[in-house]
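Each reported figure results from applying straightforward, stated rules to the coordinates on display, with no laboratory input. Values in this document were obtained by computation on a predicted structure and should not be read as measured data. All Cβ positions, even for glycine, are placed from backbone atoms using ideal geometry, and neighbour counts span all protein chains on display.
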Amino acid sequence: MKFSLLVLALLGCGALAGKGGGKNKQMKVLQTELSAVKDGLKTIGQEEERRHAELLEKIEALQGELGKIGAGQSKLGELVTSKCGKNKNSGTWNLGMNINPADGHIFGYTNGWATGVDIGSADEALTKDYLSANVWVKPANYIAIVRHQEGVVDAVKVFKFKTSAESLLTRFGLPNMNPGRQIVSSGGPIQESVSATAENLADDPIFSVGGDLAFNWAYSDNGCRIALTGGHLSDASVNDDNTHGLGNDFHVNPLTNTPHSTTWPHDISNIQDCPLATCRDVRLQGTDHGSGPHLKSGPVYGNYAIYVSWDAESFPEPGASLSTEIEM
């Protein structure tokens, strides 16, 4: 009886042991599968990291391209702004005066400059002496002096006025004539353009010398309406008849715009050193001058036009055709 029970007990333990072995196998399988899953997850993670890195590289590359595009757009914007700004601010030039030194009318120191009355006609504005009363009272920030041949630009200088928003009537009028002698620009011309075929430049009153514009240059009993500081500017008390430019007179009260005679006015005198004490041959352009024996007629280098503008900083280049109003 005891033996039988022992055998039964042993058989039960074996059965239990068999069952325990099956569970161990299952655990091993599960562990293997878990390990495979972990390896798979690790592989997936590595793949994701690789893809993530690739995406970062692509993003960085795209950002670089976008940066280049942005820089290009910025430069384009600056260019567009520059061009559009220039077009916006280029403005209009208006013809205030034209001087023809051989048309029979004398544009000396006292004629028209201080009074701003109309002289000539719009139809002949670029072929004869001309002054526009309407333009003469326009406030202006820029002035262009243009030498031209029958309305075609030969040479041009553009200056910016030191004092803004004043008209030519104000600048040449009686209040500015006493004491006169104003340097009305600084830094020289902001544009200087001369045709490659331009002639007679060696002693041209505007284009043979540099410097800034001098208005109402009064000295003793003489006056010159427009000269350049690169030429000779006589001292206020010196009676040497030796400042040369546009709108001149050698016998005038330059502070009150009063001529002492009709003998010495002249449109244009060329650059020269011809002081009264030692020189008796003042070289002029054309024939529009008084009968003074020292005034010598000479070749006409061209007509000289005076344009003003509120905001135009440049003028048409040599070869361009002129009109009384020019849109830039």
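Short version: ³J(HN,Hα) in whole Hz for each residue of segment 139-151, in order, from phi by Karplus 6.51 cos²θ - 1.76 cosθ + 1.60 (θ = phi - 60°), x for Gly and Pro, what are they?
With the stated coefficients, segment 139-151 comes to x, 9, 10, 9, 9, 10, 10, 10, 8, 9, 10, 6, x Hz.
At 7 Å along the Cα-to-beta-carbon direction for both Ala133 and Thr258, put a label point, then send me their distance in nm to one decimal.
2.5
Exceeding 27 Å between C-alpha atoms, which entries from my cross-link table qualify? They are Lys128/Lys157; Lys128/Lys162; Lys162/Lys296.
Lys128/Lys162; Lys162/Lys296
For segment 188-328, how big is the tail of P(r) above 17 Å, as a whole percent of Cα pairs?
Working: 6156 of 9870 pairs.
Pairs farther apart than 17 Å: 62 percent.
Which part of segment 233-250 falls in the paramagnetic zone of Arg280, meaning amide N under 20 Å from the point 7 Å along Cα-to-beta-carbon?
Counting only backbone N, you get 239-243, 250.
Within segment 149-230, list the GluC sites (Glu not before Pro) lying in a DSSP loop whose Cβ has at most 12 other Cβ atoms in a 10 Å radius.
Those satisfying the criteria are Glu150, Glu199.
At what distance in angstrom do the alpha carbon centres of segment 293-312 and segment 160-232 lie from each other?
So the separation of the two Cα centres works out to 11 Å.
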